[in-house]
Each structure stands twice: as C-alpha cells, then as structure tokens.
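Trainee: Quick one: this structure, given as structure tokens, is what I'll be asking you about.
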Amino acid sequence: MDRPGGRPAVASYCSETAFEICAAPFSRCTGFPWSRDVPSIFPDHGGRFRVIRLYEPGGQIIGSLTADEAVELVASHLPADCGPAIDGTPDVLGPLS
C-alpha cells in the first residue's frame, strides 16, 4: 500500500486479489507474527469493505466503503512515522507515535 504521494507504507500478507477473496490485513513488517498496529480491510456485503483496527478495544469498525475508499482511508490515517514495511518480525519495530 502506498501513502498519498506514492511512498510505500505497509505490507499486506494477503494475495493481490485480496479484495475479491479475503481480507487485507496489513503489517509494518513482513515476518510472522505480523505487527498488529495498523488497520486492516475486510470484505463486507455487496462488494463493499470495512476498515477495522483489530487489536484495539472496540475494534473501531468503519464501513461500508468501496475498495478505493477503504484503501484511501487506511493510507491517509497511517502515522507519519510508519514508513515502509521492514523485512523481519515485530520485535525489531519501534513504537508508532
């Protein structure tokens, strides 16, 4: 996923057809277990999508969005210090602001 302006932000560990067959859970790292600190996109009814912060109390569910709206929402709300996904596991990540 790219931040506005084209800067890579996070990695999705789902297939390129994520919006057609599965959720798009994002991570700040490429290794398992993935980070749990950025929102994910899940299919909703009728070809729409929900943005969910999975590991926060209450889950902050936002939906029902088009695929483009869901991706834009996630990308535009990443912390400024999120940066590209790193090659590794969460234990080498610093905290987000």
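Since every read-out is calculated from the coordinates, none of them should be taken as a lab result. None of the values given here were measured: they were computed from a predicted structure. When we count neighbours, we look across all protein chains shown, and the Cβ atoms used for this are built from the backbone with ideal geometry, even at glycine.
Trainee: Tell me, please, whether a residue that is in a loop (DSSP other than H, G, I, E, B), farther than 22 Å from Cys29 by Cβ and free of Cβ contacts under 8 Å to residues at least 24 places away in the same chain can be found in the stretch 67-81.
Mentor: Within the stretch 67-81 (the criterion being in a loop (DSSP other than H, G, I, E, B), farther than 22 Å from Cys29 by Cβ and free of Cβ contacts under 8 Å to residues at least 24 places away in the same chain), the answer is no, since none of the residues qualifies.
Trainee: Would you mind stating whether Phe49 is within 13 Å of the chain's Cα centre (by Cα) and crowded, with 20+ Cβ neighbours inside 10 Å?
Mentor: Considered against the rule, which asks whether it is within 13 Å of the chain's Cα centre (by Cα) and crowded, with 20+ Cβ neighbours inside 10 Å, Phe49 comes out as yes.
Trainee: Name the single residue, out of those in the stretch 60-88 being surrounded by fewer than 16 Cβ atoms within 10 Å (Cβ to Cβ) and within 17 Å of Ser35 (Cβ to Cβ), that is nearest to the chain's Cα centre (by Cα).
Mentor: His77
Trainee: Looking for something assigned to a loop (DSSP other than H, G, I, E, B), aromatic (Phe, Trp, Tyr) and crowded, with 17+ Cβ neighbours inside 10 Å - is there at least one such residue anywhere in the stretch 34-43?
Mentor: The answer is yes, given that some residue of the stretch 34-43 is assigned to a loop (DSSP other than H, G, I, E, B), aromatic (Phe, Trp, Tyr) and crowded, with 17+ Cβ neighbours inside 10 Å.
Trainee: Just to be sure before I move on: is Asp91 assigned to a helix (DSSP H, G or I), of a type outside the set (A, V, I, L, M) and loosely packed, with under 10 Cβ neighbours inside 10 Å in the structure I sent?
Mentor: The answer is yes for Asp91.
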